[in-house]
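Right, one structure below, let's go through it.
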């Protein structure tokens, strides 16, 4: 499962924005983030998790807000970097 690092080592990198400890991602948000890192669309994620597309989009917005991201590109880069850091261990 995807593990979120609360204090990334690289500062200023949009793929590793600083995250406040009290803003940790929920289990469902981590699942959505992992599926984003696999290149899934909101519609595919919704189908996979048996959720509404609107719910998936809300999870995406919450993830962005919690980790300080401002675009879909930053969200995808963050998801991929987090996924890669978990696979490295």
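No value in this document is a laboratory result; all are computed from the given coordinates. Bear in mind that the values here come from a model prediction, so they are computed numbers and not experimental data. Counting neighbours? That spans all protein chains shown, and the Cβs are built from the backbone with ideal geometry, glycine included.
Assorted remarks:
- Stretching the chain fully between residue 28 and residue 61 yields a gain of 10.6 nm (0.36 nm per residue, less the alpha carbon separation).
- Estimated from the Cβ-Cβ distance and a Förster radius of 30 angstrom, the FRET efficiency linking residue 53 and residue 84 is about 0.65.
- With neighbour counts taken as other beta-carbon atoms within 10 Å, the residues 47, 62, 27 rank, fewest first, as 27, 47, 62.
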